[in-house]
1. Would you pick out the residues in the stretch B:195-209 that are modelled with pLDDT of 95 or more and away from ligand 2 (no atom under 14 Å from the Cβ)?
2. Tally up the residues in the stretch A:300-313 that are touching a residue at least 40 places away in the same chain (Cβ under 8 Å) and facing chain B (nearest Cβ under 7 Å), please.
3. Quick one: how many residues across the stretch A:381-415 are more than 16 Å from ligand 2 (Cβ to nearest atom) and either hydroxyl-bearing (S, T, Y) or under 35 Å from the mean Cα position of the chain (by Cα) (or both)?
4. Quick one: how many residues across the stretch A:173-183 are touching a strand residue (DSSP E or B) at 6+ places or on another chain (Cβ under 7 Å) and part of a loop (DSSP other than H, G, I, E, B)?
5. State all residues of the stretch A:135-172 that are under 17 Å from A:P125 (Cα atoms) and in a helix (DSSP H, G or I); if no residue qualifies, say none.
6. Across the stretch B:144-171, which residue is surrounded by the most Cβ atoms within 10 Å (Cβ to Cβ) among those that are within 16 Å of ligand 2 (Cβ to nearest atom) and assigned to a loop (DSSP other than H, G, I, E, B)?
7. Quick one: which of B:K13, B:K39 is basic (K, R), more than 13 Å from chain A (Cβ to nearest Cβ) and within 16 Å of ligand 1 (Cβ to nearest atom)?
8. Select the strands (runs of 3 or more DSSP E) contained entirely in the stretch B:1-111, then report the ones holding at least 3 residues which are open to solvent by 20 Å² or more (accessible area, probe 1.4 Å) and more than 20 Å from B:L193 (Cβ to Cβ).
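The values are calculated or read from the model by the stated rules, or taken from the named source; none is laboratory data. Note that this is a predicted model, so its numbers are computed, not measured. Glycine also receives a Cβ, built like all others from the backbone with ideal geometry; neighbour counts cover every protein chain displayed. Surface accessibility is based on the protein's heavy atoms, side chains included, excluding ligands, DNA and RNA. Shrake-Rupley method; radii C 1.70, N 1.55, O 1.52, S 1.80 Å.
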Amino acid sequence: MQLISVWREIRLRWRRHFTAILGLSIGLCLLLLLNALSNAYKEATKIPLQDVGADISIQRNGDVPEELNGVVFSCSAVTIQHHEIEAIRNMAGVRSVAQAVLLWVFQDDQFAMVLGIEPESTLGPGRLKNYMVEGRYLTNGKEALLDESFAREQGLTVGDSVAVAGQSFSVVGLVAASQAPKMVVAHIYIPLDEAQAMATVSEGVQKVSPFSSQDANVLFLTADQEAIPALSASLSEVMGKDTAISTPDTFLRKLGTMFALSDRFSAAVGLIILVVTFLLVFKTVAGGIHERAREIAVFKCIGWTNGNIRKQIVSETLAQCLLAAAIGTALAVIASWLLSLHTLDIMIPWEMAPTPHFLPGGGEPVFRTVHLPVQLSLPLIGIAFALSLGLGAIISLFCTNRISKIKPSEVLRHE
Amino acid sequence: MNNPILVAANLQKSFADLAVVKNVSLSLDEGEFVSLVGKSGSGKTTLLSLLSSLELPTSGTVSLCGKDIIKASESELALFRRANIGFIFQSFHLIPTLTAWENVAAPLFPEPMEQRIRRERAVKLLEEMQLGHRLEHLPSALSGGEKQRVAIARALINNPRIIFADEPTGNLDSQTGQSIMETLHKVNKEQKLTILMVTHDNELAGNADRTLTMQDGVIQ
Ligand SMILES: Nc1ncnc2c1ncn2[C@@H]1O[C@H](COP(=O)(O)OP(=O)(O)O)[C@@H](O)[C@H]1O
Ligand SMILES: [Mg+2]
């Protein structure tokens, strides 16, 4: 009937309704946050790979170089053979593959991390295009990009040439590598085939990890989102267990928080919240009918049927659930905004950005600091409203069965 | 010329083994104002609930407005009450969360009808009860006499054929009670409305067309 009276019902019997509405809205708020937070962690852990435009990165672990001399591989990035790369390219769910060759180059007391990159690729090291500070990006040939602070130390600039393993490359541009994604940090960037050739002729490389001119030692993949978990499993099968296959899940596991760790945790907490709010709403609706037995008897006297009264109580309950859902959503919006101010340090393991131990900061893991992307999606809010209304409908339909037991003559008693 | 609106025969009502109404037979004519008096506990309220379809008798028959209310289903009776009966109670029984006019209009809410029409009808009745200035007030803001006049308006809104009143002045001071009685007499006369009123005040009962006296569950 009278939905206008619902507000008055709440206001005049606020003691009863207040706890239920508040309880329900807090419950819904927590459910929303739980979900948003667990999503946020999942999204956050995509960021390190997203930084390089990839979904998966692949490296193979091997032996440490016998001598830190000339051109060598880091023990965290040894040969991935050409036929393996082609096999990966053809795997279901893989969209594209970018290859790189990471070299440690020791020459005349000097050390440089050299990354061989595909100049035409936008994936992986291709992201460096966004961090140019001077000159132009790499093309094929005897060209090099330098990290700007490395260039400053070496007194080099655009137009000079730089020697790498006895070969001369002309410096065409400077990049701010310190700001670039950690996974592609190096001192010198040269075209992939130059780096491949360098590795092929290096004794230090061949002794530890045989390498031929079509091979690589770092791969970046883009893939269909749904295919990533399965792909990661079949990749480790193909590549062997010494291979580091990094997906967002890898970072998630390293974070180790409850939210990140298990959907089961969220499900269990969600279930508890649901049960508690269910009981709270149930108690309120059932108590309300008990408290209003006399009122219900009056309605019966003046000609309301059980169905009329039930309809009234069900719609009152639904209106309250709607209110609770709105309050809960508002609370969740505020809370998720506050949470998104919170930053999260995602560890990028040393292996993925292997700075040698003798360099400052070498040997330590690096971190990607991100703001938690806590977001309440519209479908999620929709589910919260549906849940609230569903709860209200089930409970009030059940509780209003009692109405038929209230006799209209009760209105004449205990006066 | 007498046209009975309410005919009860051999009514009995027992709660467990306590016989409260014992073999009562009576008849009310259309337009009659009948009062039912008797000591407290003599079974007046119980009899009223049997006659008005709020309670089923242990045995006996009731025919009200031509309907055999013993055989009717619960929802049939609700609709029947909505169409034919008005109730007035000693303790008013207004709905605390509804305003005066909403209380008056409450019997109309289950009817498919524009809210504006419901309100108009309620306002008209409240104005007749000199409560035109109290439309939007909650019962808690009304005096006892005002509450009872709201209750009378609620009882009248469906244009009932009969009103059952259980000690309608029992919670009011004598002066206010007097004015409520005048109102009841007025609607009885003007609208030819049948009224059965329970009271234990013999003076009030005296103004009725007819007085029934109850003692130990029996009409004397
Ligand atoms: N629902 C009931 N259950 C048990 N006893 C009842 C019930 N209703 C009334 N009675 C008993 O019936 C007797 C008559 O009550 P009532 O009809 O209220 O009398 P009156 O209205 O004349 O004071 C009382 O003794 C009362 O206790
Ligand atoms: Mg009584």
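1. If the condition is that a residue be modelled with pLDDT of 95 or more and away from ligand 2 (no atom under 14 Å from the Cβ), then B:I195 is the only one that fits.
2. 4
3. Qualifying residue count for the region: 15.
4. Within the stretch A:173-183, the subset touching a strand residue (DSSP E or B) at 6+ places or on another chain (Cβ under 7 Å) is A:173-177, A:182-183.
Remaining after also requiring part of a loop (DSSP other than H, G, I, E, B): A:176-177.
The total comes to 2.
5. A:E148
6. B:P168
7. B:K39
8. Working: elements: B:4-15, B:18-29, B:33-38, B:59-64, B:85-88.
Strands (runs of 3 or more DSSP E) meeting the threshold: B:4-15, B:18-29, B:59-64.
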